[in-house]
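Encoded as structure tokens, the structure appears first; notes follow it.
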Amino acid sequence: MSPEPKAQEREYDVSDAAPRLSETSDSAGSRRAGLPHDRAAHTTWITLAILVFAPTIYWLWQRWTMDVWHDVHGLFIPFIVAYFIYRALRSDKTTEAEQSAWGFLFLISGLAMIVLDSAIGTQLLAALGMVVCLPGLSLLLLGGRRTRALAFVWVLSLFMLPIPAAFVESLILLLRRATAAGTEYFYALLAIPVMRVDTLLFLPKASMSINDGCSGFSVLYASVAFALVLAYLNSSWRIRVITLAMAIPVAMLCNVLRCSLLGLAMERWGTGIMDTAMHPISGMLNFAVAAALLTYVGTLKLRSSAG
């Protein structure tokens, strides 16, 4: 008489577990079925963005690769932005999909700039519109929480844009005069005879003009962007402030040193040296030295003392 209850009990357990297993498999299947749809939506948005922004990206590429004196740092900004986005998403523990309709506000505004620029042909307005679209796409694809966490990335992306000379004409003139004065002072320290007339420097055997390209504006722009990255990576607010505060003086000091050494080279080998590769190489070394100095400051660790 005893085996029958056990058989019924086993039969009951199996029949009771079957619906639970079915529900689990159905929910897992629905989650698996939802993944391709999300990926397809993301891929569609990204593909459309690339197609819309392609002419603007090509124009920016031309500006970045024009020469070492014009916004060459912008070539690296997209890779830095992509790295910070990847790092932020990699550390995000939430796996659920999030979207925010506020993204359409940024997206419509940015696309309006692109459409308007197609009529007036500045290219810069379209580039600004592309940058405005980036947080919009983030809101639509990643949601408000992740987009707010990436706020620094959207600010940094502005530094890929070239600044029109008309907006910084007075600043460039100020940098030219400051560079000429600094170079004159450097020669005075070395007891080298020099006469300065505004941005013109006259040495015994050569003369040099501090023009817009030699003003140091490009290395200053790149140094500020690089200092922002270093400040973002450092956890100390004091080091962040010091790094940002040093970006401009370090860039100006390095440019004065570059122009001074070029003047000495012209004095020794003639003005024809400015037509060689030494001139653009000096521009790249200019930023390399500034970046090295800023890196040293930006990676310092403050020692906390008790009391």
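Rule-based calculations on the coordinates, nothing more; no lab input. In this text the structure is predicted, and so the values were computed from the model without any measurement. Every residue, glycine as well, gets a Cβ built from its backbone with ideal geometry; the counts of neighbours run over all protein chains shown.
Some observations on this one:
- Cα centre as origin, Lys/Arg/Asp/Glu Cβ charges: the range 146-277 dipole, Debye: 520 debye
- Taking the charge dipole of the range 83-198 about its Cα centre, with +1 at Lys and Arg Cβ atoms and -1 at Asp and Glu Cβ atoms, the residue from F84, L107, G121 reaching farthest to the positive side is F84.
- Note on M284 and L244: their simple-model spin labels are 3.2 nm apart, each label 7 Å out from Cα toward Cβ.
- By average C-beta atoms within 10 angstrom, highest first, the peptides 107-116, 172-181, 128-137: 128-137, 172-181, 107-116
- Each part reduced to its alpha carbon centroid, the range 130-178 and the range 207-265 end up 19 Å apart.
- Sparse-neighbour loop sites [chymotrypsin sites (Phe, Trp or Tyr not before Pro); the range 61-124; at most 15 other C-beta within 10 Å; DSSP]: W102
- Nearest-0.05 FRET efficiency for F152 and L48, computed from C-beta distance (R0 25 Å): 0.45
- DSSP-loop chymotrypsin sites (Phe, Trp or Tyr not before Pro) across the range 134-171, with at most 16 other Cβ within 10 angstrom: F167
- Considering only T295, M266, V197, the residue lying farthest towards the positive end of the dipole of the range 169-298 is T295, judged by Cα position with unit charges set on Cβ.
- Net charge of Cβ neighbours under 11 Å - reference L150; Lys, Arg +1; Asp, Glu -1: +3
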